[in-house]
Amino acid sequence: MQLDKLRVAITGGFGSLGKTTVQAALDAGARVAAIGRGDPPTEGMLRATCIGGVDLADAQQAKKALAAAAEALGGLDALVNIAGTFRYETLAGGSLDTWDLLYRINLRTAVAASQAALEHLPAGGRIINIGAASALKGGAGVGAYTASKSGVMRFTEALAEELKDRDITVNALLPSILDTPPNRADMPNADFTQWVKPQQLADVIVFLLSKHSSAITGALIPVMGRV
Ligand SMILES: NC(=O)c1ccc[n+]([C@@H]2O[C@H](COP(=O)([O-])OP(=O)(O)OC[C@H]3O[C@@H](n4cnc5c(N)ncnc54)[C@H](OP(=O)(O)O)[C@@H]3O)[C@@H](O)[C@H]2O)c1
């Protein structure tokens, strides 16, 4: 799959899935700007432009970061919204702050980054969001998480409709469990072979970035591994 100098901004680009996606896009020939809240990793991002210290839930910071990405890449063809987080918390004994936090980190970051990217994206542009397969149905302890990721899914559909006339596609991937070091540490007795490898999800992201996906928009695509 060739991305042929496609200019791609990737949020959450310093995290587990983000780093793998940055590398996969670079390997496919894209030019990449990785945007993150913390400091960029010291290794492995050498061919990407790294823009750190950005709180993407803040509209002004998102606007500045996407403008910096577009300037560094000479324009912007695609945005991949990977920034996100997870909390397990039951309502009894839980805090409303957790609902605000997950809304802010999982949904507001994607909305603010997308709004900022729209100033730059041309016809044929791409926006790819990361939802969650677990948000297809609520479960004990994941109310705030699934509500925020459900928001990502409805946002994806709404923006896809809004942007049909501009020929910009908007899709979301719904992973089950990613095979990341934090997940292995949290669930040491699980069968890791059933999980989705970040590289497998990055491969799907590269497909959605490519010209081969031009007929797909408004799709919510489960990427479940064998879970
Ligand atoms: N891991 C899974 O099993 C799983 C399953 C389903 C869906 N997902 C989704 O997949 C995505 C990637 O997951 P992951 O495991 O790679 O997570 P991760 O390693 O924690 O990476 C997420 C990245 O997002 C960044 N971020 C958080 N808030 C931000 C903000 N306000 N502004 C800018 N950047 C921000 C984080 O930066 P800081 O570290 O500096 O905060 C981090 O680098 C997330 O959207 C997650 O919800 C993951």
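Under a Gaussian network description of the chain, with springs only between Cα atoms under 10 Å, the residue in T11, T98, T90 that fluctuates furthest is T90.
When only C-alpha pairs under 8 Å and at least 6 residues apart count, what is the relative contact order of the chain, in percent?
Working: 475 pairs, mean separation 45.8, N = 227.
Taking the mean separation of contacting Cα pairs over the length of the chain, I get 20 percent.
Beta-bridge orientation, the chain: approximately 0 percent antiparallel, per DSSP, counting only bridges with both partners inside.
Principal-axis analysis of the Cα atoms of the chain puts helix 198-209 at an angle of about 40° to the longest axis.
Hey, what number do you get for the chain at 222 nm if only DSSP H runs of n ≥ 4 count, each worth -39500 (n - 2.57), divided across all residues, to the nearest 500? Present the calculation step by step, with values, prior to reporting the outcome.
Details: 7 runs with 81 residues, N = 227.
Rounded to the nearest 500, it is -11000 deg cm²/dmol.
Computed over the chain with a Gaussian network model linking Cα atoms closer than 10 Å, the most mobile of A123, A30, A72 is A123. For the chain, the dipole from Cβ point charges (+1 on Lys and Arg, -1 on Asp and Glu) about the Cα centre works out to 180 debye, to the nearest 20. Here the dipole of segment 2-55 is about 140 debye; that uses its Cα centre as origin and unit charges on the Cβ of Lys and Arg (positive) and Asp and Glu (negative).
With viscosity set to 1.306 mPa s and temperature to 10 °C, compute the Stokes-Einstein D of segment 105-165, Rh being the Kirkwood radius across alpha carbon pairs; µm²/s, no decimals.
Working: Rh = 12.5 Å.
Taking Rh from Cα pairs, D becomes 127 µm²/s.
Run the count for the chain, please: Lys pairs, Cα-Cα under 19 angstrom, 8 or more apart or on different chains. Display every interim value, and only then the final one.
Numbers: K5/K19; K5/K211; K19/K197; K137/K149; K164/K211.
The result is 5.
Looking at S214, G38, N189, which one has the Cα that reaches farthest to the positive end of the dipole of segment 7-223 (charges on Cβ: Lys, Arg +1; Asp, Glu -1)? Among S214, G38, N189, the one farthest towards the positive end of the dipole of segment 7-223 is S214.
What net charge do the residues around S210 carry, taking every other residue with its C-beta under 15 Å from that of S210, with Lys and Arg at +1 and Asp and Glu at -1? Write out the running numbers ahead of the final one.
Values: positive: K5, R7, R31, R126, K211; negative: D4, D27, D77, D203.
Net charge in that neighbourhood comes out at +1.
In square nanometres and to one decimal, what's the mean projected area of the convex hull around the Cα atoms of the chain?
It is 12.0 nm².
Sorting the segments 196-203, 104-111 by their mean number of nearby beta carbons within 10 angstrom, highest to lowest, gives 104-111, 196-203.
Of the chymotrypsin sites (Phe, Trp or Tyr not before Pro) found in segment 60-121, the ones in coil according to DSSP and having at most 15 other Cβ atoms within 10 Å of their Cβ are Y88.
Every number in this text was worked out from the coordinates using simple rules, so none of it is lab data. What you are looking at is a predicted structure, and each value in this text was computed from that prediction instead of being measured. A quick note on method: Cβ atoms are made from the backbone with ideal geometry, for glycine too, and the neighbour counts reach across all protein chains shown.
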